[in-house]
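Just below is one structure, and these are the notes that go with it.
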Amino acid sequence: MKIAVFPGSFDPITKGHVDLIERAHPLFDKIYVAIGENSVKSSLFSLEQRLTWLKDVFRDNPKIEVGQFTGLTVNYCREVNARYLLRGLRNASDFDYEKTISQLNNIIGKDLETVFLISRPEYSHFSSTIVREIIKGKGDYKPFLPANIEINYSENN
Ligand code: ADP
């Protein structure tokens with residue numbers, strides 16, 4: 001059984017994340033899309049909101065499990081029996097960052113291997129950070145987010 005964890009903040013999930021998960025789909029028997037609660041990073045959207053969106057986006061896909069964790073990603077991987085981590089690479093700065101994390105995870109996670117997929121060109125400029133700025137400015141976020149995500153500007157900020 002090939003089990004992978006795709007960890008992230010998903011604040012919010014973008015079409016770039018969805019594309020990556022769809023492309024990784026044939027490689028694994030199960031993929032845990034898991035929100036890592038980061039003690040340093042504060043998020044724009046609550047954990048509950050982000051989990052609801054993830055569940056909504058992947059609700060018709062039995063291979064995808066939505067989860068959450070605090071602390072080290074390697075501990076979560078052990079908990080769910082995952083031997084693989086899934087990560088996306090958009091550019092050279094993603095590579096520099098991911099390379100170090102992957103090497104560390106390989107040591108502390110014993111035989112945990114990170115599988116990288118290069119983002120599709122049409123999504124390589126998508127990031128949750130940019131989308132958060134668009135949302136804060138009440139701009140049109142629709143091109144970047146999965147179709148079932150609605151943000152109500154009269155309620156948010
Ligand atoms: P983190 O807070 O760990 O950076 P993110 O939610 O921003 O979490 O990203 C999770 C993973 O998704 C990372 O591996 C990131 O490189 C990848 N990713 C984010 N946006 C894209 C995209 N547009 N195309 C491909 N991969 C992406």
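The values are calculated or read from the model by the stated rules, or taken from the named source; none is laboratory data. Bear in mind that the values here come from a model prediction, so they are computed numbers and not experimental data. Cβ atoms come from the backbone with ideal geometry, glycine included; neighbour counts cover every protein chain shown. When the accessible area is computed, the model is the full protein with side chains, heavy atoms only, and any ligands, DNA or RNA have been set aside. Shrake-Rupley method; radii C 1.70, N 1.55, O 1.52, S 1.80 Å.
For the range 3-144, give the magnitude of the charge dipole about the Cα centre (Cβ charges: +1 Lys/Arg, -1 Asp/Glu; no others), in debye to the nearest 20.
My answer is approximately 120 debye.
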- Over all directions, what mean area does the Cα convex hull of the range 3-144 project, stated in square nanometres? 8.4
- Message: Below 22 Å, Cα to Cα, which lysines can Lys136 reach? Residues fewer than 8 away in the same chain don't count.
- Response: Lys15, Lys41
- Place a point 7 Å from the Cα of Lys55 in the direction of its beta carbon; the residues of the range 2-35 whose amide N falls under 13 Å from it are none
- From the residues Ile130, Phe116, Tyr84, which one has its Cα farthest along the dipole of the range 3-144 in the positive direction, the dipole being from +1 and -1 charges on Cβ of Lys/Arg and Asp/Glu about the Cα centre? Ile130
- Query: Percent relative contact order of the chain, based on C-alpha pairs within less than 8 angstrom and at least six residues apart?
  - Reply: 30
- Message: If I fit a long axis through the Cα atoms of helix 47-57 and take the longest principal axis of the Cα atoms of the chain, what angle between them do I get, 0 to 90°, rounded to 10?
- Response: 80
- Message: Ignoring ligands, DNA and RNA, please state the percent of accessible area on the range 3-144 from carbon and sulfur, probe 1.4 Å.
- Response: 52
- Candidate lysines for bridging to Lys110, where Cα separation is under 19 Å - those fewer than 8 sequence places away on the same chain excluded: Lys2, Lys99
- Task: Mind checking the full-extension length gain between Lys110 and Ile130? Use 0.36 nm per residue of separation minus the Cα-Cα distance, one decimal, nm.
- Result: 3.7 nm
- Query: Give me the log10 of I(q) over I(0) for the range 18-100 at q = 0.12, 0.19, 0.23 Å⁻¹, as the Debye formula computes it from C-alpha points; what are the numbers?
  - Reply: -0.40, -1.06, -1.42
- Message: Based on alpha-carbon atoms only, what is the radius of gyration of the range 1-51 relative to the globular estimate 2.2 N^0.38 Å?
- Response: 1.23
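Need the full-extension length gain, Lys138 to Asn75, defined as separation in residues times 0.36 nm minus the C-alpha distance. One decimal, nm.
18.9 nm
Estimate the FRET efficiency between Glu37 and Glu122 by the formula 1/(1 + (r/R0)^6), using the beta-carbon distance for r and 35 Å for R0, to the nearest 0.05.
Approximately 0.70, to the nearest 0.05.
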